Amino acid sequence: LQIQDLSYLHQNKEVLFCNISLAIHAQDKHALIGNNGAGKSTLLKIINGDLPYTAGTIIGHASTLLIPQLFDEYNRMSIAEAIGIAPQLMALNNIQQGIATESDFDIIGDDWLIEDHYYQSINNWGLANIKPSTPFNTLSGGQKTKIFLSAIQLRNPALILMDEPTNHLDSKGRTQLYEFIQHTNKTLLIVSH
């Protein structure tokens with residue numbers, strides 16, 4: 001991923017940041033550190049494709065996963081919707097119920113064990129038996145973060161964007177996250193203060 005001369009203006013035309021350039025290569029681990037309000041979270045949302053930028057160029061179309069700092073936008077969703085596996089689970093259910101369409105088979109692709117993979121991945125982060133249909137807003141902050149961390153294994157993104165990932169984690173969760181960061185060969189961009 002290459003970012004060249006990237007700028008972002010708020011709707012009121014106030015400049016948040018301008019002329020940012022950055023290159024991220026496969027298996028790189030980068031930390032982005034700055035004060036509150038400097039635009040770190042906004043930059044991650046731009047890279048993830050959630051926000052349009054004002055000027056500049058982003059080259060590269062790596063699949064990304066954003067582990068957000070704040071979860072408000074997900075609180076009206078199920079866990080499956082929040083982490084982007086709801087279509088696959090719905091397609092699998094349609095196939096199992098015998099009401100599948102051709103598009104259900106396209107959606108499920110080769111991932112016939114998506115539900116099993118979901119439970120394995122959340123179990124790896126110390127969560128057990130939380131159904132993917134569970135309302136996201138019923139989880140604690142630490143559980144929400146761990147659900148998104150478990151999505152790394154489920155979705156296998158090329159680039160993982162982490163926005164203050166330790167904020168809601170207990171000491172055991174932080175240790176597990178630090179070990180993941182240290183030992184993974186995934187490409188990471190981590191925001192912190």
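The values are calculated or read from the model by the stated rules, or taken from the named source; none is laboratory data. Only a predicted model underlies this, so the values are computations on that prediction, with no experimental measurement involved. With ideal geometry, Cβ positions are generated from the backbone for all residues, glycine too; neighbour counts draw on all protein chains shown. Surface accessibility is based on the protein's heavy atoms, side chains included, excluding ligands, DNA and RNA. Shrake-Rupley method; radii C 1.70, N 1.55, O 1.52, S 1.80 Å.
Things worth noting here:
- Single unsatisfied condition, Ala100 versus (1) part of a loop (DSSP other than H, G, I, E, B); (2) under 27 Å from Ile47 (Cα atoms): (2)
- For region 179-186, the count of residues that are among the hydroxyl-bearing types (Ser, Thr, Tyr) and either over 25 Å from Gly60 (Cβ atoms) or open to solvent by less than 10 Å² (accessible area, probe 1.4 Å) (or both) is zero.
Conditions (1) hydroxyl-bearing (Ser, Thr, Tyr); (2) modelled with pLDDT under 95, marked per residue:
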residue	(1), (2)
His117	no, no
Asn123	no, no
Thr134	yes, no
Lys144	no, no
Ala151	no, no
His168	no, yes
Gln176	no, no
Ile181	no, no
Leu189	no, no
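- Residue within region 65-80 that is within 11 Å of the chain's Cα centre (by Cα), open to solvent by 30 Å² or more (accessible area, probe 1.4 Å), within 30 Å of Asp104 (Cβ to Cβ) and not hydrophobic (A, V, I, L, M, F, W, C) present: no
- Looking only at residues in region 39-64 that are exposed (fewer than 11 other Cβ atoms within 10 Å of the Cβ) and in contact with a helix residue (DSSP H, G or I) (Cβ under 8 Å, 6 or more places away or on another chain), the one that is modelled with the lowest pLDDT is Ser63.
- Any hit, region 171-189, residues being over 20 Å from Ile47 (Cβ atoms), of a type in the set (S, T, N, Q) and in contact with a Ser or Thr (Cβ under 7 Å, 6 or more places away or on another chain): no
- Entry remark, region 106-120: residues being farther than 16 Å from Ser133 by Cα, charged (D, E, K, R) and assigned to a helix (DSSP H, G or I) number 1 in total.
- Residues that are without any contact (Cβ under 8 Å) to a residue 24 or more places away in the chain and either of a type in the set (A, V, I, L, M) or in contact with a strand residue (DSSP E or B) (Cβ under 8 Å, 6 or more places away or on another chain) (or both) occur in region 24-40; there is at least one.
- Selection count where residues are open to solvent by less than 50 Å² (accessible area, probe 1.4 Å), over 18 Å from Leu149 (Cβ atoms) and of a type outside the set (Val, Ile, Thr), scope region 89-137: 8
- Candidate set: region 22-38, residues that are surrounded by 11 or more Cβ atoms within 10 Å (Cβ to Cβ) and not aliphatic (A, V, I, L, M); chosen: the one farthest from the chain's Cα centre (by Cα): Gly34
- Under the condition of being closer than 25 Å to Ala91 by Cα and surrounded by 14 or more Cβ atoms within 10 Å (Cβ to Cβ), the residues counted in region 147-162 number 11.
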